[in-house]
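Reviewing the structure listed below.
The values are calculated or read from the model by the stated rules, or taken from the named source; none is laboratory data. Small disclaimer: the values here were computed from a predicted structure and weren't measured. Because the Cβ atoms are built from the backbone with ideal geometry, glycine has one as well, and the counts that use them run over all protein chains shown.
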């Protein structure tokens, strides 16, 4: 057997991360019905980013990867951020036809149940 260039991750680490992911999922479910002092989307996104970081760093072995892999992941995250920013910028420039007192086109009103 040839030796691997990456350090091996122990099974205890996988189990610990698995239970951390389960705990964060339960926390998300619990907080969905609780009144929070901050907007719920901020808390939900913080938990989701934490879970994403755990999966990418541990299960996808990014923690022990080379700098080139980190650079490619950073480029992907940057590209995703730019695409989301452009999408939200486009959304914010649309006319607010859905505000109260305005009518929706027929297919959209049927889809939304109005």
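Points to keep in mind about this one:
- Within the stretch 38-83, tally of residues that are outside the structural domain of residue 14 (by TED's automatic domain parsing) and within 11 Å of residue 24 (Cβ to Cβ): 0
- Selection status of residue 9, modelled with pLDDT under 95 and in a helix (DSSP H, G or I): no
- Considering the conditions (1) farther than 30 Å from residue 8 by Cα; (2) at pLDDT 90 or above; (3) assigned to a helix (DSSP H, G or I), residue 109 is excluded by exactly one of them, (2).
- With respect to being surrounded by 10 or more Cβ atoms within 10 Å (Cβ to Cβ) and at pLDDT below 85, residue 73 falls outside the description.
- Some residue of the stretch 62-69 being exposed (fewer than 10 other Cβ atoms within 10 Å of the Cβ) and either at pLDDT below 90 or more than 19 Å from the chain's Cα centre (by Cα) (or both): yes
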